[in-house]
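Below you'll find the structure, written out as structure tokens, and then a few comments.
The values are calculated or read from the model by the stated rules, or taken from the named source; none is laboratory data. In this text the structure is predicted, and so the values were computed from the model without any measurement. We place every Cβ from the backbone using ideal geometry, glycine too, and count neighbours over all the protein chains shown. In case anyone asks, the SASA skips ligands and DNA or RNA and just uses the protein heavy atoms, side chains included. Shrake-Rupley method; radii C 1.70, N 1.55, O 1.52, S 1.80 Å.
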Amino acid sequence: MSTAIARITRASRNHSLRRRLLVGILLPVTLFIAFNTLSLYKQTLASLHTAYDRTLLASAKSISEQLDVTGFDDQARLRATVPYSALEAFEADNQSQMFYRVSTLKGDLVSGFEDLPVWHGNIPMRPPYAALVDFYDDQFRDRAVRVAVLLQPVASAQGRAMAVIQVAETLEMRESLALHILWNTLLRQALLIVVIAFTVVVVVQLATRPVWQISKQLQSRREGDLSPITAPLAPRELQPLLDATNEVMQRLRHLLRNQKRFVRDASHQLRTPLAVLKTQVQSALRGDVEPLQALQEISDTVDRATQLANQMLALAKVEQLRQQNTPPATRMDEVLRAVALEISPLIAQRNLDFGIHTDAALVQAHEWMLRELSRNLLHNAVRHAPPGSELTVDLRSDGRHMALTISDQGHGIDSELATRLFQPFSAGDVRSGSGLGLAICHEIVLALGGSIALTNRMEGNHVIGLDAVVRLPLAAPTPDDGLRPQAAQSSS
């Protein structure tokens with residue numbers, strides 16, 4: 001069963017361009033040729049009838065020359081002396097036969113074949129020839145015949161009368177000639193179909209040669225080679241496919257590079273807290289430190305390792321979200337206030353004078369990214385702000401961009417650290433952080449097409465604090481957003 005399914009699946013995948021072109025071109029061409037051949041056959045039969053009907057009319061006129069009459073009108077008596085040899089001149093070959101009958105208007109036999117059916121038709125209003133003639137199809141001695149009827153006036157010095165001359169011919173010759181023409185036509189049409197099919201195969205083979213060349217080029221690459229495809233001789237129609245493929249390869253290179261970096265950083269950064277944790281456990285088992293102190297140290301190490309793992313996963317998730325489609329529009333002001341409410345216990349623990357002001361701001365971003373951005377910036381500001389100092393959050397919108405400014409009264413940053421602060425694992429104080437918070441913020445801002453900067457706030461030559469400024473483009477508002485300029489002020 002599985003083998004049969006595999007065969008069906010493989011067959012459905014093997015529908016080639018050549019086969020589709022052959023079916024798409026040959027099917028309508030074949031139908032048209034069949035219709036054209038049928039029409040041509042009917043036209044050929046009509047032409048043959050016209051040609052052979054002329055022969056029948058000539059036979060009837062030849063017979064009329066052999067007639068004589070005595071008496072006038074109702075007393076007229078027709079006489080005919082027609083030897084069968086008189087019709088032999090009109091028989092084209094040995095395939096068909098001709099029969100005749102001469103009778104009066106009343107149907108009385110004068111000469112010919114008595115069993116030939118009597119004509120009961122009418123002369124057309126416009127006969128095809130300059131004579132009183134009618135042509136029709138009939139059966140005679142179980143054979144199909146074509147019959148010509150000629151109404152011929154016969155006059156002499158002894159009398160005057162109207163003769164009905166019927167000449168019938170079997171259809172073997174007509175049908176044989178029509179079939180001969182039909183077969184010749186079909187042979188030429190079949191040859192035309194073969195030429196079209198051969199042309200399609202050759203043209204498709206030539207047109208798809210660049211595709212096969214590109215396929216061989218890709219198959220010959222080393223494993224992991226995601227460099228762009230170079231095909232300068234490829235046709236113009238393949239360029240969109242090549243551009244899209246190169247774009248996908250570029251994204252894959254970026255993803256693989258980030259994946260390798262994540263594995264490298266994880267293996268390097270998690271090794272240290274795990275080694276410290278093992279040392280602490282061994283020290284506790286030997287009794288080198290008090291159990292309560294050992295548990296506290298182990299707890300601190302686990303917390304730092306957990307924070308590091310969570311931040312590394314967050315950094316990887318930023319890259320994952322960047323590769324997705326257009327994210328939904330999210331209210332930055334609402335996210336910022338929710339995060340400020342979450343960390344309010346930390347703010348209260350350090351007795352900070354906290355103030356927040358927000359304008360309505362709609363950003364094209366996943367809510368998780370905005371929440372992670374706000375949480376990392378606020379955590380850094382709370383951690384570095386002196387106890388009892390002032391901490392302010394200000395979100396402004398100018399209709400095109402939003403600007404988030406978080407200001408603390410800490411010691412700021414030195415110029416040497418500022419150049420590498422957004423790089424992973426570049427913490428200013430390794431005891432208070434893993435160095436990934438600002439790196440996460442930097443990646444989120446870049447993914448959203450914005451900018452982030454840390455600047456010292458100066459008063460004369462002294463640093464009185466640090467400003468973290470984030471600028472992001474605003475999303476176009478919709479009627480359902482309910483956006484309207486608003487400002488709120490709170491403090492704690």
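Restricting the first residue to region 111-133 and requiring it to be without any contact (Cβ under 8 Å) to a residue 12 or more places away in the chain, which pairs with a second residue that is among the small types (Gly, Ala, Ser) meet a Cβ separation below 9 Å and a spacing of at least six or different chains?
Filtered contacts from region 111-133: HIS120/GLY107.
Go through region 307-353 residue by residue and tally those that are under 16 Å from ALA447 (Cα atoms), of a type in the set (Val, Ile, Thr) and modelled with pLDDT of 70 or more.
Initial filter on region 307-353 (under 16 Å from ALA447 (Cα atoms)): 314-330, 332.
With of a type in the set (Val, Ile, Thr) added as a condition, the list becomes 318, 326, 330.
Then keep just the ones that are modelled with pLDDT of 70 or more; that gives 326, 330.
So the answer is 2.
Within region 333-364, which residues are touching a helix residue (DSSP H, G or I) at 6+ places or on another chain (Cβ under 8 Å) and within 14 Å of VAL470 (Cα to Cα)?
Across region 333-364, the qualifying residues are LEU336, THR358, ALA361, VAL363.
Could you tell me whether PHE113 is in contact with a strand residue (DSSP E or B) (Cβ under 9 Å, 6 or more places away or on another chain) and among the hydrophobic types (A, V, I, L, M, F, W, C)?
Yes.
Can you give me the ranges of the strands (runs of 3 or more DSSP E) entirely in region 106-175 with at least 1 residues that are open to solvent by 30 Å² or more (accessible area, probe 1.4 Å) and polar (S, T, N, Q)?
Strands (runs of 3 or more DSSP E) meeting the threshold: 133-140, 143-156.
What are the residues in region 368-383 that are farther than 15 Å from ARG337 by Cβ and either β-branched (Val, Ile, Thr) or crowded, with 21+ Cβ neighbours inside 10 Å (or both), if any?
MET369, GLU372, ASN376, ASN380, ALA381, VAL382
Please enumerate the residues belonging to region 452-469 that are under 15 Å from LEU421 (Cα atoms) and open to solvent by less than 60 Å² (accessible area, probe 1.4 Å). Walk me through it before giving the result.
Quick first cut of region 452-469, residues under 15 Å from LEU421 (Cα atoms) only: 452-456, 466-469.
Answer for region 452-469, where residues must be under 15 Å from LEU421 (Cα atoms) and open to solvent by less than 60 Å² (accessible area, probe 1.4 Å): ILE452, ALA453, LEU454, ASN456, LEU466, ASP467, ALA468, VAL469.
Need pairs with beta-carbon distance below 6 Å; first residue touching a residue at least 12 places away in the same chain (Cβ under 8 Å) and within region 155-166, second of a type in the set (S, T, N, Q); sequence gap 6+ or separate chains.
Pairs that qualify, where the first residue is touching a residue at least 12 places away in the same chain (Cβ under 8 Å) and the partner is of a type in the set (S, T, N, Q), are GLN158/THR70; GLY159/THR70; ALA163/GLN152; VAL164/SER103; ILE165/SER64; ILE165/GLN152.
Can you name every residue in region 184-224 that is surrounded by 10 or more Cβ atoms within 10 Å (Cβ to Cβ), among the hydroxyl-bearing types (Ser, Thr, Tyr) and without any contact (Cβ under 8 Å) to a residue 12 or more places away in the chain?
Across region 184-224, the qualifying residues are THR199, SER215.
Counting just the residues of region 244-258 that are free of Cβ contacts under 8 Å to residues at least 12 places away in the same chain and open to solvent by 90 Å² or more (accessible area, probe 1.4 Å), which one comes out farthest from ASP225 (Cα to Cα)?
Looking at residues that are free of Cβ contacts under 8 Å to residues at least 12 places away in the same chain and open to solvent by 90 Å² or more (accessible area, probe 1.4 Å), I get GLU247.
Kindly indicate whether any position in region 73-82 is in contact (Cβ under 8 Å) with a residue 12 or more places away in the chain, under 16 Å from MET98 (Cα atoms) and acidic (Asp, Glu).
no
I'm told LEU238 meets every condition in (1) surrounded by 14 or more Cβ atoms within 10 Å (Cβ to Cβ); (2) over 28 Å from the mean Cα position of the chain (by Cα); (3) modelled with pLDDT under 80 except one. Can you identify the failing condition by its number?
The failed condition is (2).
Hey, among the residues in region 398-420 that are of a type outside the set (Lys, Arg) and under 47 Å from the mean Cα position of the chain (by Cα), which one's modelled with the lowest pLDDT?
Once the filter is applied, the top-ranked residue is GLY399.
For VAL82, which of the numbered conditions (1) assigned to a loop (DSSP other than H, G, I, E, B); (2) hydrophobic (A, V, I, L, M, F, W, C); (3) at pLDDT 75 or above; (4) open to solvent by less than 30 Å² (accessible area, probe 1.4 Å) fails to hold?
Among (1) assigned to a loop (DSSP other than H, G, I, E, B); (2) hydrophobic (A, V, I, L, M, F, W, C); (3) at pLDDT 75 or above; (4) open to solvent by less than 30 Å² (accessible area, probe 1.4 Å), the lone unmet condition for VAL82 is (3).
Output the residue which, of all residues in region 434-451 that are in a loop (DSSP other than H, G, I, E, B) and on the phi < 0 side of the Ramachandran plot, is modelled with the lowest pLDDT.
SER434
Note down all Cβ pairs under 6 Å where the first residue falls in region 21-37 and is farther than 18 Å from VAL203 by Cα, the second is at pLDDT 80 or above and open to solvent by less than 60 Å² (accessible area, probe 1.4 Å), and they're at least six residues apart or on different chains.
Short answer, once both residue conditions are applied: ILE33/GLN189; THR37/THR185.
I need every pair where a residue in region 389-407 that is over 16 Å from SER374 (Cβ atoms) has its Cβ under 6 Å from the Cβ of a residue that is of a type outside the set (A, V, I, L, M, F, W, C), sequence separation at least 6 or different chains.
If the second residue must be of a type outside the set (A, V, I, L, M, F, W, C), the pairs left are SER389/GLN409; GLU390/ASP353; GLU390/GLN409; HIS401/ARG471; HIS401/PRO473.
What number goes with the only condition from (1) open to solvent by less than 40 Å² (accessible area, probe 1.4 Å); (2) at pLDDT below 80 that ARG304 does not pass?
It fails just one condition, (1).
Going by what's in this entry, would PHE113 be described as of a type in the set (Phe, Trp, Tyr), over 15 Å from LEU56 (Cα atoms) and modelled with pLDDT of 75 or more?
Yes: the conditions hold for PHE113.
Just to verify a result, which residue in region 334-367, among those that are within 28 Å of PRO473 (Cβ to Cβ) and acidic (Asp, Glu), is surrounded by the fewest Cβ atoms within 10 Å (Cβ to Cβ)?
Within region 334-367, the match that is surrounded by the fewest Cβ atoms within 10 Å (Cβ to Cβ) is GLU342.
Quick check on ILE181: is it more than 27 Å from the chain's Cα centre (by Cα) and open to solvent by 50 Å² or more (accessible area, probe 1.4 Å)?
Judged against the criteria, ILE181 is a match.
Is it the case, given these coordinates, that LEU233 is open to solvent by 60 Å² or more (accessible area, probe 1.4 Å), at pLDDT below 80, in contact with a Pro (Cβ under 8 Å, 6 or more places away or on another chain) and not basic (Lys, Arg)? Spell out how you get there, then give the answer.
Working: open to solvent by 60 Å² or more (accessible area, probe 1.4 Å): yes; at pLDDT below 80: yes; in contact with a Pro (Cβ under 8 Å, 6 or more places away or on another chain): yes; not basic (Lys, Arg): yes.
Yes.
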